Ligand SMILES: [Zn+2]
């Protein structure tokens with residue numbers, strides 16, 4: 001993964017501070033979190049097969065509770081951790 005695919009952590013943390021604030025974990029009530037610095041993706045389940053172009057992909061950043069492992073998936077676009085063009089598929093000659 002190149003540096004271009006790294007999320008903007010300043011924007012992500014700003015978003016989390018604004019929206020999440022200092023709320024404790026809903027599962028264990030602990031308040032110790034780890035914010036991932038990597039963007040992952042959620043795609044539709046297709047019977048265990050990976051289908052390219054098989055629906056929308058959600059770019060997400062996991063935030064883990066350090067006590068119980070509860071993981072909150074924050075949308076990387078909504079939180080402005082990444083910009084939209086960075087997740088658009090690269091155009092190939094076939095698409096033009
Ligand atoms: Zn927890």
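Across the alpha-carbon set of region 3-87, the Rg to Rh ratio works out to 1.02, Rh being the Kirkwood radius.
Mind ordering 31-39, 55-63, 16-24 by average Cβ neighbours within 10 Å, highest first? The partial results should precede the final answer.
Details: 31-39: 14.2, 55-63: 16.0, 16-24: 10.8.
Highest-to-lowest ranking by the protection proxy: 55-63, 31-39, 16-24.
Just so you know, all these numbers are worked out from the coordinates, no wet-lab data involved. Everything quoted here is computed from the prediction, not taken from an experiment. All Cβ positions, even for glycine, are placed from backbone atoms using ideal geometry, and neighbour counts span all protein chains on display.
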